[in-house]
């Protein structure tokens, strides 16, 4: 008889940033919303109709906004331009750095922008 090793609780629980839980919960019942998670659980992505509008990765909270809005938030000290690798800055993406920033409110703003883009004049509307 083969022995089965008991599985430990998922590492995802240990590595996910607890500040992201209410963010994901805020969109749980929104049409077109999905939550993507890396195998390790350290990275979670906010998706709207298959397009990313934010993520939590290794303690960082990153959102897709307009370039103008991201610049305003950088100027206010809320965050900094998101750089996925040294020397590469992604336009319109903001890495939230202020410890007491309201992640849910900022994510709602990114979601609204993603919704506007998703349903812009050239965008295809999802089938109902």
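Before moving on, here are some points about what is shown:
- Among residues of region 16-28, those that are over 13 Å from residue 111 (Cα atoms) and either surrounded by 13 or more Cβ atoms within 10 Å (Cβ to Cβ) or out of contact with any helix residue (DSSP H, G or I) (no Cβ under 9 Å at 6 or more places or on another chain) (or both), counted: 6
- Residue satisfying all of: in region 50-66; outside any strand (DSSP E or B) and more than 17 Å from residue 103 (Cβ to Cβ); farthest from the chain's Cα centre (by Cα) among these: 66
- Residues in region 34-55 that are in contact (Cβ under 8 Å) with a residue 40 or more places away in the chain and farther than 11 Å from residue 107 by Cα: 48, 49, 51.
- Checking each residue in region 60-77 for being surrounded by fewer than 19 Cβ atoms within 10 Å (Cβ to Cβ) and in contact with a helix residue (DSSP H, G or I) (Cβ under 9 Å, 6 or more places away or on another chain) picks out 66, 69.
- Selection within region 68-89 - modelled with pLDDT under 95 and over 18 Å from residue 17 (Cβ atoms): 83, 85, 86, 87, 88, 89
- For region 67-98, a residue qualifies if it is under 15 Å from the mean Cα position of the chain (by Cα), within 17 Å of residue 114 (Cα to Cα) and assigned to a loop (DSSP other than H, G, I, E, B), and the qualifying residues are 90, 92.
- Residue within region 41-49 that is within 16 Å of residue 21 (Cα to Cα), modelled with pLDDT of 90 or more, part of a helix (DSSP H, G or I) and in contact with a helix residue (DSSP H, G or I) (Cβ under 9 Å, 6 or more places away or on another chain) present: no
The values are calculated or read from the model by the stated rules, or taken from the named source; none is laboratory data. Keep in mind it's a predicted model, so treat the numbers as computed, not measured. Counting neighbours? That spans all protein chains shown, and the Cβs are built from the backbone with ideal geometry, glycine included.
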